[in-house]
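Q: Encoded as structure tokens, here's the structure I'll be asking about.
The values are calculated or read from the model by the stated rules, or taken from the named source; none is laboratory data. The shown structure was predicted, so the numbers you read here are calculated from the model rather than taken from an experiment. Here the Cβ positions follow ideal geometry from the backbone for every residue, glycine too, while neighbour counts run over all protein chains shown.
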Amino acid sequence: MQASRNTSAQSDGTVTVSVLQKVAEKRIYFGHQSVGLNIIDGIHDIEKDHQGVALKIVKTTDPLALNSPVFAHSMVGENEDPISKINEFVRSMDSGLGEKAEIAFLKFCYVDITRNTDVEKVFAAYKSAMQRLKETYPHTQFVHLTAPLSLSLPSLKGWIKGMLGREDNNVKKSAFNAMLRREYGGSNLLFDVAAIESTYPDGRKATFTSNGTTYDSLVPEYTNDDGHLNETGRRIMAGHLLKFLSKL
């Protein structure tokens, strides 16, 4: 793994009381799997620094929960099946959440986009679903999240020479994220998970090279395995997400 300097996307997850207060006033729905739970834990970590200011975080898909400000969230779909997550997110919106949520977003897991994934098919399904939701629920802001990264192969614990030649999963993640950035990067509704995950607090980038091309990878210090966020990673990601949401 290589590290290069990037001064434009530093992973500074500091959050002020004002940011928490602004997010606490919104009706939000977040569909996710296990890394999403890591981010929720990161939000709770940040809340502990600001006693007296807390978000109403509820695990639910009940539209009635969004009659007042809330940060609602739930597990959606099956890991390694991104289409199932898109479909369940759409069903949740059509079951009443779309009429209630001010902000809604779906986050894929790091295991959803791998070297075997047809990223064009997944992106086409995602784009079609989001376009339909945007037309059906014009008052809801649908935020788009880049797919999370994993460790590059040389960084994995237990690295063996026999893995040489295997395409790193981050190559396909990069291709998928490039499609998302081209489609939604011109709006204020793209939250770049991958950019944050690949950026050290001092601005260096975690990268690797495959077939002459440089790709981003997950900062090793942000995980204890291949892609789940540890206490450091989850706090940084949660801080960036809260600041992003506070501006919507």
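Q: Could you grab the pairs with beta carbons closer than 6 Å, sequence gap of 6+ or different chains, first residue in segment 166-194 and under 20 Å from residue 121 (Cα atoms), second one among the aliphatic types (A, V, I, L, M) and modelled with pLDDT under 95?
A: Listed pairs, sorted by first residue: 168/153.
Q: In the list 145, 156, 151, which residue meets the criterion of being buried (at least 20 other Cβ atoms within 10 Å of the Cβ) and modelled with pLDDT under 95?
A: Selected residue: 151, the only one of 145, 156, 151 that is buried (at least 20 other Cβ atoms within 10 Å of the Cβ) and modelled with pLDDT under 95.
Q: Please identify the pairs in which a residue from segment 116-140 that is at negative phi has its Cβ atom under 8 Å from the Cβ atom of a residue that is assigned to a loop (DSSP other than H, G, I, E, B) and surrounded by fewer than 18 Cβ atoms within 10 Å (Cβ to Cβ), counting only partners at least 6 apart or on another chain.
A: 139/102; 140/102
Q: Considering only segment 227-236, I want to know if a residue exists there that is in a loop (DSSP other than H, G, I, E, B), at pLDDT below 95 and surrounded by fewer than 17 Cβ atoms within 10 Å (Cβ to Cβ).
A: no
Q: Among the numbered conditions (1) modelled with pLDDT of 95 or more; (2) in contact with a helix residue (DSSP H, G or I) (Cβ under 8 Å, 6 or more places away or on another chain); (3) of a type in the set (A, V, I, L, M), tell me where residue 163 comes up short.
A: Among (1) modelled with pLDDT of 95 or more; (2) in contact with a helix residue (DSSP H, G or I) (Cβ under 8 Å, 6 or more places away or on another chain); (3) of a type in the set (A, V, I, L, M), residue 163 violates only (1).
Q: Identify all residues within segment 201-248 that are in contact with an Asp or Glu (Cβ under 8 Å, 6 or more places away or on another chain) and among the basic types (Lys, Arg); write none if there are none.
A: Listed by number, the residues that qualify are 205, 234, 235.
Q: How many residues are surrounded by fewer than 18 Cβ atoms within 10 Å (Cβ to Cβ), in contact with a helix residue (DSSP H, G or I) (Cβ under 6 Å, 6 or more places away or on another chain) and of a type in the set (D, E, K, R) when one looks only at segment 82-137?
A: 1
Q: Specify the residue that is nearest to residue 70 (Cα to Cα); the eligible residues are those in segment 39-54 that are in contact with an Asp or Glu (Cβ under 9 Å, 6 or more places away or on another chain) and not charged (D, E, K, R). Quick ask: steps written out before the conclusion?
A: Of all residues in segment 39-54, those in contact with an Asp or Glu (Cβ under 9 Å, 6 or more places away or on another chain) come to 41-42, 45, 53-54.
Next cut, not charged (D, E, K, R) only: 42, 53-54.
Details: 42: 17, 53: 13, 54: 11 Å.
This residue is 54.
Q: Name the pairs: first residue in segment 12-34 and within 26 Å of residue 200 (Cβ to Cβ) and in a loop (DSSP other than H, G, I, E, B), second residue at pLDDT 95 or above and among the charged types (D, E, K, R), Cβ to Cβ under 6 Å, at least 6 apart or on different chains?
A: Hits for this filter: 13/235.
Q: Another one. (1) over 21 Å from residue 190 (Cα atoms); (2) touching a Ser or Thr at 6+ places or on another chain (Cβ under 9 Å); (3) among the polar types (S, T, N, Q): which one isn't true of residue 116, the others all being true?
A: (2) is the only condition that residue 116 fails.
Q: Could you please tell me which pairs satisfy a Cβ distance under 8 Å, a separation of 6+ or placement on different chains, a first residue in segment 53-64 that is closer than 20 Å to residue 21 by Cα and modelled with pLDDT of 95 or more, and a second residue that is crowded, with 16+ Cβ neighbours inside 10 Å and of a type in the set (D, E, K, R)?
A: As it stands, the answer is 55/47, since those pairs meet every condition given.
Q: Please find, among 95, 84, 74, 68, the residue that is modelled with pLDDT of 95 or more, of a type in the set (Gly, Ala, Ser) and touching a Ser or Thr at 6+ places or on another chain (Cβ under 6 Å).
A: 74
Q: Within segment 208-226, track down each residue that is buried (at least 20 other Cβ atoms within 10 Å of the Cβ) and assigned to a helix (DSSP H, G or I).
A: 222, the sole residue that qualifies.
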